[in-house]
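Report on one structure; see the data block that follows.
The values are calculated or read from the model by the stated rules, or taken from the named source; none is laboratory data. Note that the coordinates shown come from a computational prediction; the quantities given were computed from them, not determined experimentally. With ideal geometry, Cβ positions are generated from the backbone for all residues, glycine too; neighbour counts draw on all protein chains shown. Note: areas computed on protein heavy atoms with side chains; ligands, DNA, RNA excluded. Shrake-Rupley method; radii C 1.70, N 1.55, O 1.52, S 1.80 Å.
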Amino acid sequence: MAMTPVELVLDVVAYAFALWLGLHVWSRNPGVARLRYAGMGLITYALALAAAGMSAFTPAPASLAWGRWSWTLALMPALFWCATIFTLTSDNAATPENSHLSAIGALPAIALLLFLMGIGTPFLFVSSDHTLRPGPFFAGIAGIISLLMFTALVVAWRQYRRQPRAPLGLALIATLFFGLGMGLVMFPLLPLPLLWRLLAIGLDLVSLGLVVAFLDALDAGESLARDLLRSFTFSLAISLLFGGQVTLAILISTGPIPAMLLLLLASIGTAILVQTQASRLQAALDRLSLGRAPRMQQERETLRAVAEALPRAREDMPPHWLASDEFARHTRRALSHLGALPRLASNPLTRLRLVEERLARRQIPDNTLARATELQAMLRESIIRLKPAEDADFNGSDAWRFYNALYYPYVVGLKPYSRRALHDNLAPTEKAALDWFRGQVPERTLYNWQKAAAELIAQDLRERERKVDG
C-alpha cells in the first residue's frame with residue numbers, strides 16, 4: 001500500500017528521531033545493559049520504519065522483501081523492551097546479585113534469530129498474491145512475545161512499588177501502552193497500514209529511552225538535558241545538510257522513487273551515526289594515522305572524552321549538598337572509574353572544595369581535566385591510608401581486606417573473576433594477590449568488602465572537605 005506524502009514525511013522524521021535517540025542512549029555508556037538494550041530497541045524500531053517506507057514505494061516483488069524486513073523488525077523492539085525493563089531492577093554492576101543479567105543477555109541473540117527467521121524463511125511470513133501473510137510459527141512467536149511483555153509489566157509494577165519514583169512510574173505506564181501497541185502489530189484487528197501501527201508504539205519507545213537515560217544520569221550525578229540538546233542539535237544540523245540535498249533532488253527532479261528514497265534514508269542514517277559515534281570514529285582514525293605515536297593517541301582520546309563529559313557535568317549539585325548515602329554512592333562510582341579520567345570528569349566529586357583547594361595550592365589551572373586528575377590522586381591517597389602499618393606489600397589477613405579489595409582491582413587493575421582479562425607480566429606481589437582472590441575470596445565477598453571500603457573512603461573525603469570549609 002503506497003504512502004501519501006504526509007505519511008512519507010512522518011515515516012522519515014520518526015525514523016531519524018528514533019535512530020538518533022537510540023544511538024545516543026546506547027553511546028552514553030555501552031557497558032550498561034539497560035542503556036544498550038533501550039538503544040537496540042529504538043534502533044530496530046527506526047529500521048522497521050525505514051523498511052516500511054521502502055516497501056510502500058518499491059514495486060513487487062521487491063516490495064515483499066522490504067515488507068518481510070519491516071514486519072520482522074517491528075517485532076524485535078518488544079524483546080529489547082523486555083530486556084530493558086528486567087535490567088532496571090539492577091545497578092548493572094558485575095556482582096553475584098546481578099548474575100541474572102547473563103540470562104537476559106540471551107535476548108539479543110533471540111532477536112537476531114527471530115530476524116533471520118523472518119527475512120530468510122517462510123516460518124514467520126509467507127507471500128501469496130503479492131501479499132505477506134502470517135506463517136506457521138507466527139502465532140507461537142507472538143504468544144511468546146506477549147508472555148514476555150506481561151512479565152515485563154509485572155516486573156515494572158513490582159519495582160515501582162518497592163521504589164516509587166516518577167521515572168519508574170512512567171516506565172510502568174509506557175510498558176502497559178507499549179504492550180497494547182504491540183498487540184496492534186502482532187494481532188491486527190483494524191485494517192491499518194504498518195506505518196500507523198509502528199507510530200502507535202513510537203511514543204512509548206521514546207519514553208522508555210528517555211527514562212533509562214534519565215535514571216542513568218541520575219545514578220551518575222550527571223546532567224541529561226544539556227547532553228541531549230547538544231547531540232540533537234548537531235544531529236539535526238548534519239541530517240539537514242546531507243539529507244536536505246537528497247530531498248531537493250527528489251522534489252525537483254526524480255520524485256520518491258525507490259533509489260532516491262533509499263539514498264535519503266541512508267544519508268540521514270549515516271549523518272546521525274557519524275555524529276553520535278564521532279569520538280569512536282576519531283579514535284579509529286587516530287589509530288590508522290598515528291599508529292606510531294601511541295602516547296599522542298591516548299592524549300587525544302582523553303581530551304575528546306573529557307570534552308564529551310563537560311555537557312554532562314551538573315554544576316547545580318555541589319557535593320556538600322549530597323546526603324551521606326548519595327556521597328558514598330558517587331564515591332563507589334568514582335573508585336570503579338579510577339583508571340578512566342574521562343569517566344571521572346563528570347563525577348560530582350570533582351567539584352569538592354578540597355579539589356579546588358589542592359589545585360590552588362599547587363598553582364595548577366582549574367579545569368575539568370585537572371579536577372579529574374586531582375580527584376584520582378585523592379582517591380588513591382585514601383586507598384593507601386587503608387593499608388595496615390606492617391612491613392609487607394601483601395597480606396591476606398582480615399586487617400588487609402579493605403585495602404586489598406580496593407587497591408588491587410582499582411589501582412593495579414586486577415580482574416580476578418573475569419575469563420577474558422589478561423594478567424600477564426604481573427609482579428610477584430600482584431600474582432600472589434590474584435591467586436588469593438581466586439582461591440579464598442568469593443566474588444560476593446569481594447563486592448561487600450569494596451562497598452564497605454568505599455564508605456570508609458567517602459567518610460574520609462567528607463572529613464577532609466569539612467576541614468577545608470572550617
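Kindly indicate the residue of segment 313-345 that is part of a loop (DSSP other than H, G, I, E, B) and open to solvent by 60 Å² or more (accessible area, probe 1.4 Å) and also modelled with the lowest pLDDT among those meeting that condition. Break it down into steps so the answer makes sense when it comes.
Taking segment 313-345 and keeping what is part of a loop (DSSP other than H, G, I, E, B), we get 314-318, 322-323, 337-340.
Imposing the further condition that a residue be open to solvent by 60 Å² or more (accessible area, probe 1.4 Å) reduces the set to 315-316, 339.
Details: 315: 67, 316: 61, 339: 81.
Step by step, filter segment 313-345, then rank; the result is 316.
Going by the conditions given, is residue 348 touching a Lys or Arg at 6+ places or on another chain (Cβ under 6 Å) and under 20 Å from residue 225 (Cβ atoms)? Give the derivation first.
Values: touching a Lys or Arg at 6+ places or on another chain (Cβ under 6 Å): no; under 20 Å from residue 225 (Cβ atoms): yes.
Taking the combined requirement at face value, the residue does not satisfy it.
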Review point. Within segment 280-289, is even one residue surrounded by fewer than 17 Cβ atoms within 10 Å (Cβ to Cβ), within 30 Å of residue 60 (Cα to Cα), in contact (Cβ under 8 Å) with a residue 12 or more places away in the chain and of a type outside the set (A, V, I, L, M)?
Key: no
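Here's a check for you: in segment 385-400, which residue that is open to solvent by less than 90 Å² (accessible area, probe 1.4 Å) and outside any loop (DSSP other than H, G, I, E, B) is farthest from residue 435 (Cα to Cα)? If you could, list the steps in order and put the result at the bottom.
Taking segment 385-400 and keeping what is open to solvent by less than 90 Å² (accessible area, probe 1.4 Å), we get 386-388, 390, 392, 394-397, 399-400.
Restricting the remaining residues to those that are outside any loop (DSSP other than H, G, I, E, B) gives 399-400.
Values: 399: 18, 400: 15 Å.
Applying the filter and picking the extreme gives 399.
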Practice item. For segment 368-382, state whether one or more residues are at pLDDT below 85, in a loop (DSSP other than H, G, I, E, B) and either of a type in the set (Ser, Thr, Tyr) or farther than 16 Å from residue 460 by Cβ (or both). Key: no
Point to revise | Every residue from segment 387-426 that is under 36 Å from the mean Cα position of the chain (by Cα), farther than 19 Å from residue 337 by Cα and in contact (Cβ under 8 Å) with a residue 24 or more places away in the chain | key: 401
Study note, to complete from the structure: Of the candidates 409, 348, the one satisfying the condition of being open to solvent by less than 40 Å² (accessible area, probe 1.4 Å), modelled with pLDDT of 85 or more, of a type outside the set (A, V, I, L, M, F, W, C) and in contact with a Gly (Cβ under 7 Å, 6 or more places away or on another chain) is 348
Study note, to complete from the structure: Going through (1) in contact with a Phe, Trp or Tyr (Cβ under 9 Å, 6 or more places away or on another chain); (2) open to solvent by 10 Å² or more (accessible area, probe 1.4 Å) one by one, residue 35 fails only at (2)
Revision key, fill the gap. Of the residues in segment 346-367 that are assigned to a helix (DSSP H, G or I) and among the charged types (D, E, K, R), the one that is nearest to residue 307 (Cα to Cα) is 351
Review point. For segment 92-118, what are the residues that are modelled with pLDDT under 75 and open to solvent by 40 Å² or more (accessible area, probe 1.4 Å)?
Key: 94, 97, 99, 100, 102, 103
Check your understanding: Restricting to segment 233-270, what's the tally of residues that are within 29 Å of residue 66 (Cα to Cα) and either in contact with a His (Cβ under 9 Å, 6 or more places away or on another chain) or of a type in the set (Phe, Trp, Tyr) (or both)?
Key -> 2
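Yes/no matrix, rows are residues, columns are (1) at positive phi; (2) open to solvent by less than 20 Å² (accessible area, probe 1.4 Å); (3) in a helix (DSSP H, G or I); (4) not small (Gly, Ala, Ser):
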| site | (1), (2), (3), (4) |
| --- | --- |
| 175 | no, yes, yes, yes |
| 182 | no, yes, yes, yes |
| 197 | no, yes, yes, yes |
| 200 | no, no, yes, no |
| 207 | no, no, yes, no |
| 229 | no, no, yes, yes |
| 233 | no, no, yes, yes |
| 240 | no, no, yes, yes |
Check your understanding: Mind checking which residues of segment 104-143 are over 18 Å from residue 61 (Cα atoms), part of a helix (DSSP H, G or I) and touching a residue at least 12 places away in the same chain (Cβ under 8 Å)?
Key -> 104, 107, 108, 110, 111, 114, 115, 117, 138, 141, 142
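Got at least one residue in segment 259-278 being outside any helix (DSSP H, G or I), farther than 24 Å from residue 24 by Cβ and touching a residue at least 60 places away in the same chain (Cβ under 8 Å)? Show your work before the answer.
Taking segment 259-278 and keeping what is outside any helix (DSSP H, G or I), we get 277.
Next, only the ones that are farther than 24 Å from residue 24 by Cβ stay: none.
There is no residue in segment 259-278 that is outside any helix (DSSP H, G or I), farther than 24 Å from residue 24 by Cβ and touching a residue at least 60 places away in the same chain (Cβ under 8 Å).
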Revision key, fill the gap. From the option list 148, 218, single residue qualifying as surrounded by 15 or more Cβ atoms within 10 Å (Cβ to Cβ) and either outside any helix (DSSP H, G or I) or under 23 Å from the mean Cα position of the chain (by Cα) (or both) is 148
